[in-house]
Amino acid sequence: MPKILISSCLLGQPVRYDGAAKQLQHPILQQWFEQGLLVSMCPEIAGGLGVPRAAAEQQVDGRVITNTGADVTAAFERGARAALALAQANQCRLAVLKARSPSYGNNEVYDGSFSGRLMAGEGVTASLLRQAGIAVFNEDQLQQAAAYFAGLASTKSPLLPFG
């Protein structure tokens, strides 16, 4: 059975840049947890960044820069590759990720100005996962993610290998 990659902070792990979590309490998530379907990941930690760390936002050109001016793009890319490897090793066919994150945002991300403005786009990890054929949802799209997962679970055909 396929599994679900999920942002560690949504499971209550204090891995965000500020040392906090964004624990998500939802019956769908609880059911997946009880069924052992969740695979937790924080690409920033996997990429070598610590907790706490400087806030980072994705620039229009795709680089990820901290609010202190450091370019942390390479760490975000390392974390994205680690997330993809983990997802593939666990046959994750979808991911539920933290909205607007420079790693995990799937529809929009903060615009790099550190002013709270958003722009259309994907975080580094969300983009890599999607390119590999993994469906990406955020915590506000749990109903859609559950419907997608139900469709995966009901198919009788074997899972296709990742390319």
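Secondary-structure-derived ellipticity at 222 nm for the chain, considering helices only, amounts to -9000 deg cm²/dmol, per-run term -39500 (n - 2.57) for DSSP H runs with n ≥ 4.
Near E108, the amide H atoms lying under 5 Å from its own belong to R100, G121; only residues 5 or more places off or on other chains count, and H is placed 1.01 Å from N.
Dipole of the range 1-143 (Lys/Arg Cβ +1, Asp/Glu Cβ -1, origin at the Cα centre): which of V39, A89, V51 lies farthest to the positive side? Towards the positive end, the residue furthest out is A89. Backbone amide hydrogens, once placed in the peptide plane, bring S103 within less than 5 Å of V124, excluding anything fewer than 5 places away on its chain. Looking at the range 3-154, the DSSP beta bridges with both ends there are about 35 percent antiparallel. In the range 73-163, the ratio of gyration radius to Kirkwood radius, Rg to Rh, stands at 1.01 when only Cα atoms are counted. Sorting S8, S103, S40 by the number of Cβ atoms found within 10 Å of their own Cβ, with the fewest placed first, yields S40, S8, S103. In the chain, taking the dipole from charged Cβ atoms about the Cα centre, the farthest positive-side position among H26, A135, A153 is held by A153.
Among L128, L118, L38, the largest mean-square fluctuation in a Gaussian network model of the chain (Cα springs under 10 Å) belongs to L118.
Each Cα pair under 8 Å and six or more residues apart adds its separation to the average, and for the range 3-154 the resulting relative contact order is 22 percent.
The long axis of helix 142-154 is offset from the longest Cα principal axis of the chain by roughly 40 degrees. Dipole size of the chain about its Cα centre, with +1 on Lys/Arg Cβ and -1 on Asp/Glu Cβ: approximately 360 debye, rounded to the nearest 20. In the calculated pair-distance distribution of the chain, the portion above 27 angstrom amounts to 20 percent of the Cα-Cα pairs.
May I ask for the distance between the Cα centers of the range 31-63 and the range 94-144, given as a whole number of Å? Centre-to-centre (Cα) distance: 11 Å.
Computed from the coordinates by the stated procedures, all read-outs in this text should not be read as laboratory data. What you see is a predicted model; the values in this text were computed from it and never measured. Heads up, the Cβs are rebuilt from the backbone with ideal geometry, glycines too, and the neighbour counts pull from every protein chain shown.
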